[in-house]
Ligand SMILES: *[C@@H]1O[C@H](CO)[C@@H](O)[C@H](O)[C@H]1NC(C)=O
Ligand SMILES: *[C@@H]1O[C@H](CO)[C@@H](O)[C@H](O)[C@H]1NC(C)=O
């Protein structure tokens, strides 16, 4: 009778719906997830927020430990634990002078080690976090956290016997490769700005190898011991258990994509999700900005040194320099700065503390983006096909900028040697040389051409780890290695042993040959003297 009333097609639809619902229940197992993000500097919550939102909308129950609400608004459906003191950490940073902030590699390393130690410490000592840890009924099957330099927080994974998922907001680096057990690490790139070379020539590769070796020592002897101290204190565990946790990452999501000029060999548990923050709906332009950009018949330029940049670290005449250069342009300029509107008199400049960056870049009249070269900004520029003029200031910005130059969509200016003339010439070159826009369009096509959107990729792999209870099978066998092997000490000794020996032999031979040659020349020269005279 039912068949009679619904018809065969109707029945088929019902069956399909039932199957889909059943399958759906089977594949979307919801889980308790603990997210721990200590960012109190930078726009990294822009990356994290849509990811957490997606997890919630898929039915997972997320508890999130993070900086106060000024850094990241509440996410609906998430149980937030806010660590108020993370705010003071940023305020403390403002007392550092720019020069003092990045003078040498060792100073930089101990400064960053201090900073991350403070982050982990403030989180672990927070009353809300303490009571979560003491709440016997709280259970999590997954802990998602920012990597690297958050080692003490891996203790959450141990405490809850949960799978560890890392989110690398600044993309891959050798230390992330090691967490993932990637046996083909990015040997050509040190992390630190001061140690950066492109690693193209043989000589540069060696320089990078030396820098990375230094960074390993820094990690081993500056970062780790301090994190280890916290880990031991708060999770009542020993150091071998931290080293074990460091080798237990189920998955690390990398905020990068090979189409953006950084090709790496990744093991299966390293997944590139660069651009996943674009899943968030873009903030609209608003009527005023819309008509400002619509009216930019000669084109417009977007200028932002990112919301997180501490403007007091800028060279003192930076704003005047830029403003003088902008004053000589036909183009209109949209500028994100903490400066007061009343201080700016040029009528081709539109300034606000915050601008809807993505929609500005998306506007067809915007022909150029002047940026410090932060990763998220460059991903957005690539997505919206806007050429970039970059003023890299610190950390990853130099390496990001260099990559954009190589892709032919940008140029760099030295942040500390800016004059109105230099800025103006930079802008004119970017606007008049059509190759930048052309390359930017090709890059955007490449970047957008992916089988799944980056956010879908991120969520799919996260749930894959849940479905397969940690997905240990994705890890390369390196996790079984001893500490010696883990730090590749054996590899290094063989490498240096062999290469060193070869170099020694070659050097000795060269010296011998040269000496013989010199002696012969000397002898011949001596012989030749009487002939000449
Ligand atoms: C870390 O915390 C200590 C003690 O509160 C403080 O003196 C130091 O300046 C902080 N360092 C950084 C880099 O945040
Ligand atoms: C931890 O989790 C794994 C896999 O999820 C399980 O096999 C193991 O028994 C758990 N250990 C404890 C102590 O609960």
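What's the extension gain from residue 450 to residue 233 if we count 0.36 nm per residue and subtract their Cα-Cα distance?
Working: separation 217, 0.36 × 217 = 78.12 nm, distance 4.48 nm.
So the extension gain works out to 73.6 nm.
Can you give the extra length, in nm with one decimal, that the chain gains between residue 30 and residue 511 once fully stretched, where that is 0.36 nm per residue apart less the Cα-Cα distance?
Values: separation 481, 0.36 × 481 = 173.16 nm, distance 6.96 nm.
Net length gain for the segment: 166.2 nm.
Rounded to the nearest Å, what's the spacing between the alpha carbon centres of the stretch 134-155 and the stretch 342-410? Just the number, please.
35
Using the per-residue mean of other Cβ atoms lying within 10 Å as a proxy for protection, in what order, highest first, do the peptides 430-440, 394-404 fall?
394-404, 430-440
So for 57, 241, 43, fewest C-beta neighbours within 10 Å to most, what's the order?
Numbers: 57 11, 241 16, 43 19.
So the residues, fewest neighbours to most, are 57, 241, 43.
Would you mind calculating the gained length between residue 441 and residue 346 on full extension (0.36 nm times residue separation, minus the Cα-Cα distance), in nm to one decimal?
Numbers: separation 95, 0.36 × 95 = 34.20 nm, distance 3.11 nm.
Working it through step by step, the gained length comes to 31.1 nm.
For a test of the definition: using alpha carbon positions, the gyration tensor, and the 1.5 limit on a/c, classify the stretch 107-166 as rounded, prolate or oblate.
Oblate shape, in that a/c is at least 1.5 and b/c is the bigger or equal ratio.
Report the paramagnetic label zone for residue 282: residues of the stretch 40-61 whose backbone N is under 16 Å from a point 7 Å from Cα along the Cα-to-Cβ axis.
No residue qualifies, since no backbone N sits under 16 Å from the label point.
Can you give the FRET efficiency for residue 317 and residue 204, using 1/(1 + (r/R0)^6), R0 = 30 Å, r = Cβ-Cβ distance, to the nearest 0.05? Could the numbers behind the result be given before it?
Details: r = 34 Å, r/R0 = 1.14.
Result of the calculation: an efficiency of 0.30.
Given a Förster distance of 51 Å, report the FRET efficiency between residue 61 and residue 416 from their Cβ-Cβ distance, rounded to the nearest 0.05. Provide the component values of the computation, followed by the final result.
On the way: r = 49 Å, r/R0 = 0.96.
Given R0 = 51 Å and the Cβ-Cβ separation, E is 0.55.
How high is the relative contact order of the stretch 351-409, given as a whole-number percent (alpha carbon pairs under 8 Å, six or more residues apart)? Each step should come with its number before you reach the end.
On the way: 59 pairs, mean separation 18.6, N = 59.
Contact order relative to length: 32 percent.
Kindly rank 323-336, 364-377 from highest to lowest mean number of other beta carbons found within 10 Å of each residue. Kindly include the intermediate steps, with their values, before the conclusion.
Details: 323-336: 19.8, 364-377: 22.5.
So the order, starting with the most tightly packed, is 364-377, 323-336.
Values quoted throughout were computed directly from the atomic coordinates according to the rules given, and no laboratory measurement underlies them. Nothing here was measured: the structure is a model prediction, and the numbers come from that model. Cβ sites come from the backbone with ideal geometry, for glycine too, and all protein chains shown count toward neighbours.
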